[in-house]
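Here's the structure, in structure tokens; my notes come after.
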């Protein structure tokens, strides 16, 4: 049997990637568009078929009600958690959503849970990997923000299962990044990883010792990222437009405005990126009714504006250092991860916080996926490059049990190395009591109501005894994925107590089973079929290109012999096209590609490059957004 | 929250002392087989024994860290990811035991508390029970003030009360704040000094252990001293927390 192919996946808020360890080097596997980054956008096409990535971004323009982005913000959350998100993101919830239920998002007239939408993104990445290896990939390591709680982790694992992937490990994103960095730097010391992405912020402090990567403290905010900067800029633009033109684009009902809001979003994202290198940028956006919204933003104003957002990372960094018992001077290196660390002001902040210049040797968009590939390699038995590497990660949040008075009794403290466990003893309050209820919480707050409710357990079948006599031992274990397991035993009878779990947020096993996109049994057949479809579609593309080439002036420059050869290759490809053998079709395509290389070169010489035009960003409807005071002068309208 | 895995982890196997590897039959080390490297089923042992240590308190932390890393390289689930499901479960169990043991032993206070727990003193449970009882009855938890602190605590509590009143009325009394700040520093240095005191009892304890089976009375004597230090330390710890809270709000 061939060795397991285990891929590393970065399932990001904005972009997702899949990577693999090729020899001693992790490499990103490109998608069918040749690009490394797959935008984390999902849409349904007019035939209700899902499209993912750049294709979805384009499809969004016409059908915003059938598309969704930044779904990671909703993973493992309940309807009561996401009121803030709903103000800024065009998430359309199912009409019959009940509190406490797993969220369902409307795409057209269908509804999908966040794990299902994430699964579509994962499946797209899986396809790229399948193509790369020429066979199905079924095992993966998926990264999650270090500060993800149990429910968010479980939702990510469910997404993997739905996509037909066995998730061997969930790895924390900053830790994964440290693995990618540590691969060729075999030094010992303390490093801090500052990971500021599209939707989440993490800080992790690690001790490197003979290739053991030991996390000592982690902290973060799972709802803080580049999205928040975009939303701030959009809010200002919408305020301006409403104030000066009386045009309120934030009304959800004005479908026609979605495109304008989208144009604004696209423009501010471009402006944000430009402001990392330019002293100022000019926004110029066409509005409904032919007016234009114009505003110049200087770097200084922009930096003043985003200061409160980036300042929110400071508290987490200080807490992590405090938890690690370290002062900034004791940290040897600081590594930057995530697209938002391209902002010079963020880099300046990091430098000030840690008293040193941060490292940016690896592409901050790719480093997490590369690290996931390293971890995948370790799990697969290791290679020469990774054989001595070992990751010791921690749980980011304390685990607690609700006790009398609604108070949280912490039983596993945050920053405990995982796997970690704790044992609690329970007894009964009344004679013959057969059940005991346990409420499990995650968080740092004193009161249970301020912590995250993970689940309620009912210990059942406790043997009938007088009150206070049974002694039920309950063992809580956080595994290497940061996910909780619970087992119970009544000590006096030695009987294993039955546990019934009601996860506070999350899918049941049966629900996940029912959602699985590709049945494992059909994986090979599915793969063959998909390959055949793709090979046929590629055949159509190359034949169309050849027809076009024959009309090109370059065709005339070929020799008769060359033309004859091409005709022969074409004929054999057309013949194979009708057959079922995708490998033969692919081979014929390759042959034709080789044979027409000179033609292609000649055509290139005369070709005119065409600039890509058109809007391709996601549609946005903004809800009731708060207004944002800002330091800038009045906008101009003409 | 986990689902399928929940039923998958059954209660740990009953204590079974075997000394040969389940896989290759060789004599094995405690947690993994020295011959074939396979992880062995966990055997319930105390944290000191897990590391092959005598129940002594003056630990060489560097050496402990070294064994922690060495054992991690054998027991961690990442390095046993390709093993069978039973072995993976053992690996998770053993690895969590290792982490729990290391976390407890590397910290001087947790280590002492743990040793006292092995000696039958349940400091945390006592405190927890008291807290829960207080909560249930709605009373504040009664703390026994260490005698040498009586006077100081009495005065400090008056000052804290005054500080809180001032905060309510918006008054500012810099002299009072300064005084409380000073008290806090004094408490913190006492807190620190108690660790030193504790360490002297560690030595006494370790000597007892080294001498072989120590008379119960002698053990109890050192044990009680350590309990006393920890209680005082905990009391000061809570006091400092109260001072911080009063100064912050």
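Results for (1) touching a residue at least 60 places away in the same chain (Cβ under 8 Å); (2) in contact with a strand residue (DSSP E or B) (Cβ under 9 Å, 6 or more places away or on another chain); (3) more than 27 Å from residue A:41 (Cβ to Cβ); (4) within 11 Å of chain B (Cβ to nearest Cβ), shown as yes or no for each residue.
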| residue | (1), (2), (3), (4) |
| --- | --- |
| A:156 | yes, yes, no, no |
| A:161 | yes, yes, no, yes |
| A:168 | yes, yes, no, yes |
| A:183 | yes, yes, yes, no |
| A:195 | yes, yes, no, no |
| A:218 | yes, yes, yes, no |
| A:223 | yes, yes, no, no |
| A:229 | yes, no, no, no |
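Looking only at residues in region A:497-510 that are modelled with pLDDT of 70 or more and surrounded by 16 or more Cβ atoms within 10 Å (Cβ to Cβ), the one that is nearest to the other protein chains (Cβ to nearest Cβ) is A:506.
Scanning region B:215-224 for residues that are surrounded by 16 or more Cβ atoms within 10 Å (Cβ to Cβ) and modelled with pLDDT under 80 turns up nothing. Of the strands (runs of 3 or more DSSP E) lying entirely inside region A:331-434, those carrying at least 2 residues that are more than 9 Å from every other protein chain (Cβ to nearest Cβ) are A:333-337, A:399-403, A:407-412, A:420-426.
For region A:18-76, taking the residues that are free of Cβ contacts under 8 Å to residues at least 12 places away in the same chain and under 14 Å from residue A:123 (Cα atoms), the one that is farthest from the chain's Cα centre (by Cα) is identified as A:49.
Filter region A:482-496 down to residues that are facing chain B (nearest Cβ under 9 Å) and either part of a strand (DSSP E or B) or in contact with a strand residue (DSSP E or B) (Cβ under 9 Å, 6 or more places away or on another chain) (or both), then give me how many there are.
Here is the first cut: in region A:482-496, the ones facing chain B (nearest Cβ under 9 Å) are A:483-489, A:494, A:496.
When the remaining residues are screened for being either part of a strand (DSSP E or B) or in contact with a strand residue (DSSP E or B) (Cβ under 9 Å, 6 or more places away or on another chain) (or both), the result is A:483-489, A:496.
Matching residues across region A:482-496 total 8.
Just checking, does region B:67-78 include any residue being at pLDDT 90 or above, away from every other protein chain (no Cβ under 11 Å) and more than 26 Å from residue A:485 (Cα to Cα)? For region B:67-78, residues at pLDDT 90 or above, away from every other protein chain (no Cβ under 11 Å) and more than 26 Å from residue A:485 (Cα to Cα): present.
Hey, could you check region A:269-305 for residues that are in contact with a strand residue (DSSP E or B) (Cβ under 7 Å, 6 or more places away or on another chain) and part of a helix (DSSP H, G or I) and say which is farthest from residue A:57 (Cα to Cα)?
Filtering region A:269-305 for residues in contact with a strand residue (DSSP E or B) (Cβ under 7 Å, 6 or more places away or on another chain) gives A:271, A:274-275, A:279-287, A:291-299.
Filter again for part of a helix (DSSP H, G or I), leaving A:271, A:274, A:299.
On the way: A:271: 19, A:274: 21, A:299: 29 Å.
Ranking the candidates gives A:299 first.
Got a number for residues in region A:454-467 being more than 10 Å from every other protein chain (Cβ to nearest Cβ) and touching a strand residue (DSSP E or B) at 6+ places or on another chain (Cβ under 7 Å)?
First, pick out the residues of region A:454-467 that are more than 10 Å from every other protein chain (Cβ to nearest Cβ): A:458-467.
Then drop every residue that is not touching a strand residue (DSSP E or B) at 6+ places or on another chain (Cβ under 7 Å), which leaves A:458-463.
Residues that pass the stated criteria total 6.
Checking the structure you have, find out if any residue of region B:81-92 is modelled with pLDDT of 90 or more, out of contact with any strand residue (DSSP E or B) (no Cβ under 6 Å at 6 or more places or on another chain) and within 10 Å of another protein chain (Cβ to nearest Cβ). Explain how you work it out, then say what you get.
Initial filter on region B:81-92 (modelled with pLDDT of 90 or more): B:91-92.
Still in the running and out of contact with any strand residue (DSSP E or B) (no Cβ under 6 Å at 6 or more places or on another chain): B:92.
Restricting the remaining residues to those that are within 10 Å of another protein chain (Cβ to nearest Cβ) gives B:92.
Yes, that holds for at least one residue.
The values are calculated or read from the model by the stated rules, or taken from the named source; none is laboratory data. Quick caveat, the model's predicted, so the values are computed rather than measured. Here Cβ is always computed from backbone atoms with ideal geometry, including for glycine, and neighbour counts include all displayed protein chains.
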